[in-house]
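K.L.:
Below: one structure in structure tokens.
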Amino acid sequence: MNTETDGKCRLCQQFDKTIDHIISACPILAKEQYIKRHDRVCAQLHFNICKETGVQLDKEHWYEHVPKSVETSQGGKVTILWNQQVQTDRIIPSNKQDIIIRDNEKGTYMLIDLQSQETEM
Ligand SMILES: [Zn+2]
């Protein structure tokens, strides 16, 4: 099936066509597609968390779900924040979390942040 012989990525034509390159390192896909994928994964996760914690949802399927900034479960046990900045006592470069789950009874928080693409360390 693979008829290309040079083994370079068809989109950027700079790097070898490896799985790692295609799923997370192509400069052409990085401009838009990785961000879209990241946002859809986060929206699905948000949908499932809402469902599990008893938040009233207007849509039946995750792919129709548009996360709201703040959701509260029925009865108020859990608050779910979407794409919110966290206040810290020192400067942190990325203090915006994708999803924050606050347990209102225990007063605890769970922070969830997904990477949109591979980051060079
Ligand atoms: Zn590429």
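The values are calculated or read from the model by the stated rules, or taken from the named source; none is laboratory data. Keep in mind that what you see is a predicted model, and the values were worked out from it rather than measured. Note: ideal-geometry Cβ built from the backbone for every residue, glycine included; neighbour counts use all protein chains shown.
K.L.:
Looking at the stretch 1-15, I want the residues that are part of a loop (DSSP other than H, G, I, E, B) and of a type in the set (Gly, Ala, Ser) and have a partner that is within 8 Å of the ligand (Cβ to nearest atom) and at pLDDT below 95 with Cβ atoms under 6 Å, at least 6 apart or on another chain. Which pairs are those?
P.N.:
Here the result reads Gly7/Lys17, each pair linking the stretch 1-15 to a residue that is within 8 Å of the ligand (Cβ to nearest atom) and at pLDDT below 95.
K.L.:
Only residues that are of a type in the set (Asp, Glu) and either surrounded by 14 or more Cβ atoms within 10 Å (Cβ to Cβ) or farther than 19 Å from Met110 by Cα (or both): list them for the stretch 44-75, please.
P.N.:
Asp58, Glu60, Glu64, Glu71
K.L.:
Report, by residue number, each residue of the stretch 76-100 that is surrounded by fewer than 17 Cβ atoms within 10 Å (Cβ to Cβ) and either within 13 Å of Leu45 (Cβ to Cβ) or touching a Cys at 6+ places or on another chain (Cβ under 6 Å) (or both).
P.N.:
Initially, the stretch 76-100 is screened for residues surrounded by fewer than 17 Cβ atoms within 10 Å (Cβ to Cβ), giving 76-77, 83-96.
Selection gives Asn83 alone.
K.L.:
Which one is nearest to the ligand (Cβ to nearest atom), of the residues in the stretch 10-33 that are surrounded by fewer than 13 Cβ atoms within 10 Å (Cβ to Cβ) and among the β-branched types (Val, Ile, Thr)?
P.N.:
So, considering only residues that are surrounded by fewer than 13 Cβ atoms within 10 Å (Cβ to Cβ) and among the β-branched types (Val, Ile, Thr), the one nearest to the ligand (Cβ to nearest atom) is Thr18.
K.L.:
I've got another one for you. Please give the number of the condition Asp39 fails out of (1) within 14 Å of the chain's Cα centre (by Cα); (2) in a loop (DSSP other than H, G, I, E, B); (3) charged (D, E, K, R).
P.N.:
(2)
K.L.:
Of all the residues that make up the stretch 84-101, how many are free of Cβ contacts under 8 Å to residues at least 40 places away in the same chain and not in a loop (DSSP other than H, G, I, E, B)?
P.N.:
To start, the set of residues in the stretch 84-101 that are free of Cβ contacts under 8 Å to residues at least 40 places away in the same chain comprises 84-97, 100.
Those still in the list that are not in a loop (DSSP other than H, G, I, E, B) too: 84-85, 96-97, 100.
Count: 5.
K.L.:
Can Cys42 be described as closer than 23 Å to Gln115 by Cα and in contact with a Pro (Cβ under 9 Å, 6 or more places away or on another chain)?
P.N.:
On the way: closer than 23 Å to Gln115 by Cα: yes; in contact with a Pro (Cβ under 9 Å, 6 or more places away or on another chain): yes.
Criteria met by Cys42.
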